[in-house]
Amino acid sequence: MSLRDGARRIRADLVTLARAVRDPHAPRTAKALAVLVVLYVVSPLDLVPDWNALTGLADDLLVVVGGLALLSRLIPPEQLADHRARVEAGRPPLPRGRARPLAGAVMWLVALTALAWWGYGWMAGA
């Protein structure tokens, strides 16, 4: 398998998991885990600070890979197989709802609140 084929396979697997999580019949735990993994990736807070490039990026990689592996186990195999077949057939993704923009707004609100809280603590300590 070439590097290009491996990249295509990884992309297909990510699209499959994204479709499976957006499915209304997906378990709530899988949906919650997907949200937590995405929030961890976009969050400025890390388990290991990024000042050390190797360990700072390794914790992000471990969380993402571990989260995706756990996510693929939480989704029922028949549901995952159905979405994988749809992705390979090139069918369009599931219809998008109104919750996506709302989730983005909530995520930004939480991030800005955390930033303001940190800034207030920093200014109060100075």
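Here are some notes:
- Acute angle (nearest 10 degrees) that the helix 53-74 long axis makes with the longest principal axis of the chain, alpha-carbon atoms: 40 degrees
- Karplus-derived 3J(HN,Hα), 6.51/-1.76/1.60, for each residue of the stretch 24-30, Hz, glycine and proline x: x, 8, 6, x, 5, 5, 5
- Relative intensity, log₁₀ I(q)/I(0), of the chain from a Debye sum that treats every alpha carbon as a point, q = 0.09, 0.16, 0.19 Å⁻¹: -0.36, -0.96, -1.19
- Exposure here means at most 11 other Cβ atoms within 10 Å; with trypsin sites (Lys or Arg not before Pro) in a DSSP loop as sites, the longest stretch of the chain lacking them is 1-95.
- Angle of helix 3-22 to the longest C-alpha principal axis of the chain, folded into 0 to 90 degrees and rounded to 10: 80°.
- Charge dipole (debye, nearest 20) of the chain; +1 at Cβ of Lys and Arg, -1 at Cβ of Asp and Glu: 660 debye
- Entry comment: accessible area of the chain is 79 Å² per residue, from protein heavy atoms only and a probe of 1.4 Å.
The values are calculated or read from the model by the stated rules, or taken from the named source; none is laboratory data. This structure is a prediction, so every number in the text was calculated from the model and none was measured. As a convention, Cβ positions derive from the backbone with ideal geometry for all residues, glycine included, and neighbour counts pool all protein chains shown. These area figures cover heavy atoms from the full protein model, side chains too; ligands, DNA and RNA do not enter into them. Shrake-Rupley method; radii C 1.70, N 1.55, O 1.52, S 1.80 Å.
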